[in-house]
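The values are calculated or read from the model by the stated rules, or taken from the named source; none is laboratory data. A quick note: this is a predicted structure, and the numbers were derived from the prediction, not measured. Glycine also receives a Cβ, built like all others from the backbone with ideal geometry; neighbour counts cover every protein chain displayed.
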Amino acid sequence: MANSKDEATRPYFHAVDGCRAIVHISLVALHAAMLTTGHLPSKGALWDDFRRNPIYTWFQAGGVQVDLMFMISGFLLIDKLLEAVFRNDQEAATPGVLNFALSRALRLLPPIIVVSLIGLYIGDSWDLYPYDGDVPAIFRIGALLIFVLNLLPASEYGSFTLSLCWSCCVDLHVNTFFVALFAFSQQFRTQHEAAINTAFRLRWAFLFLTVAAISIRAFLFEKDSINIFKLGQYSHFGLLMTSSSYDWIKEVYSHAWKTEKNKIVSDFAKVYLDAMYMPTHTRFGPFAVGGVLACNLFLAHHKQPAVKSLAGSVMAWLLTFISVGLLVIPCLPAADDAPIEAQFFATASLRIVASISGAFLLYRALVPESHAWHWKMLNSFLSMKVFKPIATLSYVSYLIHFRLLMELNFRSQARANINTFFGLLSIAKEPVTARDWSLYVIKLFIVGFALSMLCAFVIHSLVEKPCADFLGRNRKEKLKAN
């Protein structure tokens, strides 16, 4: 998140906040749609109609929201480091790899700990259901505290409250590597020349990393196991869970599943999550795309901007339409099959292509107004003040919203309490059409988003911000002492 000094010298950060807010809103919508499927059968006419419904598919948005967040994270880090070199701020430009990793971990952990305690209070458990003693709870808690949770089997080390914390681990791993890469790439001469040269070198490095990320995912592709297309075919929440999670929801919420647990599908999902979805080496591509964006944007602001021309404008708008289309169209597949080439492409590059699309649109919004590709209307839209508080609270809301949605979606008493005051979240005893459930998705999203923002505001005000301020003051005092 940009600080006040950043905003004073780089006002385009307002547009970044707008992008972050929109992606977060879309992520809450994705999970509202996902959890709603827990009330539906996983086969038959009702399910087929629902998963093809525009509301469901648009809310899914291809499931690339986290990748867009990764792209923004990589962009913000590299942009900050490049600007520090340009200002000849040696302290900010060379944070030190270990110091950076520790500082970032300490900033991420306080909200995670608070959200974990809230999850325990409302019924979550660090024990498997039923607990078989294979992985003691203390080991699974420790895996998160040392940020290796994403490298371990989710079915054995996860919990519903912390089901999204794998991405925090990826963020720490990749950005720490980027700090090391940045330090290696620097050759100080004059401050301006050093920053320009560093941006040029890093851009090639990040392009190489982007290609490497696609290559790794392509190498890991397996038609019958590590295949994002097939995962999309099994988008029903009940099918994708392990037996322990399925039983936990059934017992804790007294939930009557309308689909039977399918071990073949859940085993497929487990292999995909452990081998492709969570590991750092399969998810660093969007960060690299963000690094390319940071380098290109820095060069656009500090070198002679591109001269406006008809050919340049046509190219900019053509790429814009392609980028918007790639972000809007990629939904979970509704067809039963696709050419193996399409399945291979989707698994290897869909997430990175979506990140490139988002990065291009951000580039158009953030380049100087004198630049040939600047899109003033997009910049103005993303810079709207309404997005700022959502962006500020997005990290804590990200951590807590899924658990809140589960409470609203599966706990009948929670829905009854909401209905008492607001008349929302009512579920008909026998909804007979996909439209009924699509409207419920919208209501669940609205209520869940509002409650997650409220909870995030409290945790941000009482925990996240005070801890961040304390760490910042402590770091400044140490630097002064040295």
Original post:
Within region 233-250, is there a residue that is over 30 Å from Glu341 (Cβ atoms) and assigned to a loop (DSSP other than H, G, I, E, B)?
Top reply: yes
**OP:** Say whether the condition of being in contact (Cβ under 8 Å) with a residue 40 or more places away in the chain, out of contact with any helix residue (DSSP H, G or I) (no Cβ under 7 Å at 6 or more places or on another chain) and hydroxyl-bearing (Ser, Thr, Tyr) is met by at least one residue in region 64-78.
**Re:** no
Original post:
Is there a residue in region 343-356 that is in a helix (DSSP H, G or I), on the phi < 0 side of the Ramachandran plot, of a type in the set (Val, Ile, Thr) and in contact with a Phe, Trp or Tyr (Cβ under 6 Å, 6 or more places away or on another chain)?
Top reply: yes
Subject >> Long-range neighbours under 7 Å by Cβ, at least six apart or interchain, first residue over 13 Å from Ser155 (Cα atoms) within region 240-252, second surrounded by fewer than 17 Cβ atoms within 10 Å (Cβ to Cβ) >> reply: Val252/Gly123
Subject >> Checking Glu222 against (1) part of a helix (DSSP H, G or I); (2) farther than 30 Å from Lys80 by Cα; (3) not aliphatic (A, V, I, L, M), the condition it does not meet >> reply: (1)
Original post:
Any idea which of Ala92, Ala15 is in a helix (DSSP H, G or I) and modelled with pLDDT under 90?
Top reply: Ala92
Original post:
Within region 260-276, is even one residue outside any loop (DSSP other than H, G, I, E, B), of a type outside the set (A, V, I, L, M, F, W, C), touching a Cys at 6+ places or on another chain (Cβ under 8 Å) and buried (at least 17 other Cβ atoms within 10 Å of the Cβ)?
Top reply: no
Original post:
On the given criteria, is Leu149 surrounded by 19 or more Cβ atoms within 10 Å (Cβ to Cβ) and modelled with pLDDT under 90?
Top reply: no
Original post:
What pairs come up if the first residue lies in region 285-305 and is on the phi < 0 side of the Ramachandran plot, the second is buried (at least 18 other Cβ atoms within 10 Å of the Cβ) and not in a helix (DSSP H, G or I), and their beta carbons are under 6 Å apart, counting only those six or more places apart or on different chains?
Top reply: Ala300/Val367; Ala300/His371; Pro305/His371
Original post:
Restricting attention to region 409-416, does a residue exist that is surrounded by 17 or more Cβ atoms within 10 Å (Cβ to Cβ), touching a helix residue (DSSP H, G or I) at 6+ places or on another chain (Cβ under 6 Å) and modelled with pLDDT under 90?
Top reply: yes
Original post:
Taking the stated definitions as given, is Phe147 farther than 23 Å from Asp267 by Cα and out of contact with any helix residue (DSSP H, G or I) (no Cβ under 7 Å at 6 or more places or on another chain)?
Top reply: no
Original post:
Counting only residues that are surrounded by fewer than 14 Cβ atoms within 10 Å (Cβ to Cβ), of a type outside the set (A, V, I, L, M, F, W, C), modelled with pLDDT under 90 and not in a loop (DSSP other than H, G, I, E, B), how many does region 420-465 have?
Top reply: 2
Subject >> Candidates Phe268, Phe229, Phe221, filtered to the one that is hydrophobic (A, V, I, L, M, F, W, C) and within 15 Å of Ser155 (Cβ to Cβ) >> reply: Phe268
Original post:
Condition test on Phe206, is it in contact (Cβ under 8 Å) with a residue 24 or more places away in the chain, assigned to a helix (DSSP H, G or I) and of a type in the set (Phe, Trp, Tyr)?
Top reply: yes
Original post:
Got at least one residue in region 368-375 being in contact (Cβ under 8 Å) with a residue 60 or more places away in the chain, surrounded by 15 or more Cβ atoms within 10 Å (Cβ to Cβ), farther than 24 Å from Phe86 by Cβ and not aromatic (Phe, Trp, Tyr)?
Top reply: no
Original post:
Is there any pair linking a residue in region 306-329 that is touching a residue at least 40 places away in the same chain (Cβ under 8 Å) to one that is in a helix (DSSP H, G or I) and of a type in the set (D, E, K, R), with Cβ under 8 Å and at least six apart or on different chains, and which?
Top reply: Ala316/Arg364; Thr320/Arg364
Original post:
Yes or no: Gly38 surrounded by fewer than 24 Cβ atoms within 10 Å (Cβ to Cβ), among the small types (Gly, Ala, Ser) and modelled with pLDDT under 90?
Top reply: no
Subject >> Test: Leu319 is over 24 Å from Phe208 (Cα atoms), of a type outside the set (S, T, N, Q), in a helix (DSSP H, G or I) and at pLDDT 90 or above >> reply: no
**OP:** Specify the residue that is modelled with the lowest pLDDT; the eligible residues are those in region 200-251 that are over 30 Å from Ser412 (Cβ atoms) and acidic (Asp, Glu).
**Re:** Asp224
